[in-house]
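Notes follow once the structure below has been shown.
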Amino acid sequence: MSDDLHAPPAALALLDRPSGPDEPAVPAHGLGRDGSLARDIGGYQAVLAITDPLTVRLTFIGADGRPLPTVPGALRVPFAAQVKETKALVKQVRETLAAERARVEALMALERTWPYGQWCRHYRDHPVTGAVASGLVWEFETPDGHWHAATPGEDVLVTVDGRALPVPPRGARVRLWHPARAFPGAVRAWRAFVTGNRMTQSFRQAFRETYRPGPSGAGADLRRGRLDARLRHVIAGGAWRVGRGGGPARVAFERRIAGRWRDVPPREVPPLVFSEGMREADLFLRAAPAADEDPFGEPSASAEIRGDVLRRVLPGTKIADRCSVDGRFLVVRGGLRTYRVHLGSGGVLMEPGNDRLLVEPVRRARQKGLFLPVEDERLTRILGTAFLLAADHRITDESVLRQIKRGA
């Protein structure tokens, strides 16, 4: 029995719930199982392909076999109708793919299971949903009642150590893997797997923020900020709702019973609902930050995730020897000064003196091919700022240079 394949005891009472409603009808748009479709248009082949869980591309291939990213001039007028129809199809596929990403992510709050045969039909083998499912980690139940985590590969289920998981019986149960019910070692291993294999996940899964109530039922308070009455978010298929509780950063949980919302103490909230509800509240707080929030104070759970990501990706960059993660800061050693970039706000402090540096956030990291296992605009800006400050002797912005040299 491997401890990375089993749920903590707090979740065990929820494992035997029924599979839930039938799967929604998701259009395949005529795509093959590999998520692609080809049409002949005026001597060219238009190829529509879902290249990863986030991307749909349309490419035109001529007789010479060379792909063209735009519509060839020879097709623009005589075949305008066919080109327009193909572009409309691309838009439809993108919309369906985005809807499936959102739908499957919403399942993270549910103890939903599928028979393996049904899961293959509706998830692994579906032309659109398959692109979403292929980038995720799933759990497969064995006859002895144990759950084994794996991700879909080329007609094989790949475990975190790179082995092939035996094909489950068609009736074996399948569920989404959630880090909130996994042991810390398993979470670290899957994060290493995702990063090492440059695996594009449909949404944050391996690097997902997780929350757990305290042993006495406490722990429904966020670390920072103030929630307000606008927070009313429905999760878990409409069965649960999160909102502001009795304190400024306390999250309240309500369950829909007989058509009415009823308060539920944190200790009675199912683990996945608790984690996802707290996450939604934290996301809400970050979208509407308090004006008096300390930009260098206690970071959110997302900031901790950023620190973990940076520890994994920085060693492969050209600034690796100039950077380190220290608590809630990314420390960058430039030629002129040392900088501490806050992992929550992205604000910068300079050493010595702990002076604040006002610098325009850099939107992109400056290393071609750098892989980030999560979609996080603030993380991208933090990395871009790190690349800028690691080479502070090359900065040409006079307003920034004056700040740096003032206390150097």
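Bear in mind these aren't lab numbers, they're just calculated from the coordinates by the rules spelled out. In this text the structure is predicted, and so the values were computed from the model without any measurement. Glycine also receives a Cβ, built like all others from the backbone with ideal geometry; neighbour counts cover every protein chain displayed.
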Extend 7 Å from the Cα of Phe183 along its Cα-to-C-beta direction; within the range 137-157, residues with backbone N under 20 Å of that point are 137-151
Within the set Gly297, Gly353, Gly384, GNM on the chain using Cα springs under 10 Å gives the largest fluctuation to Gly353
³J(HN,Hα) across the range 82-90 via Karplus (A = 6.51, B = -1.76, C = 1.60, θ = phi - 60°), whole Hz, x for Gly/Pro?
5, 5, 4, 5, 5, 5, 5, 5, 4
Spacing of the two label points (7 Å from each Cα toward its C-beta) at Arg170 and Arg76, in nm:
5.3 nm
For the range 232-275 versus the range 60-95, the gap between their alpha-carbon centres in whole angstrom
48 Å
Zone of Thr338 (label point 7 Å along Cα→Cβ, backbone N under 12 Å): which residues in the range 371-408?
none
For Arg212 paired with Arg198, estimate the spin-label separation in nm (one decimal), with each label point 7 Å from Cα along the Cα-to-Cβ line.
3.5 nm
What FRET efficiency comes out for Arg94 versus Arg230 if R0 is 25 angstrom and r is the Cβ-Cβ distance? Round to the nearest 0.05.
0.25
Rank Gly35, Gly117, Gly238 by mean-square fluctuation in a GNM of the chain with C-alpha springs under 10 angstrom and give only the top-ranked residue.
Gly238
A chain fully extended from Ile395 to Ala106 at 0.36 nm per residue, minus the present Cα-Cα distance, gains in nm 99.6 nm
Among Phe387, Phe79, Phe274, which one shows the highest mean-square fluctuation when the chain is modelled as a Gaussian network with alpha-carbon springs under 10 Å?
Phe79
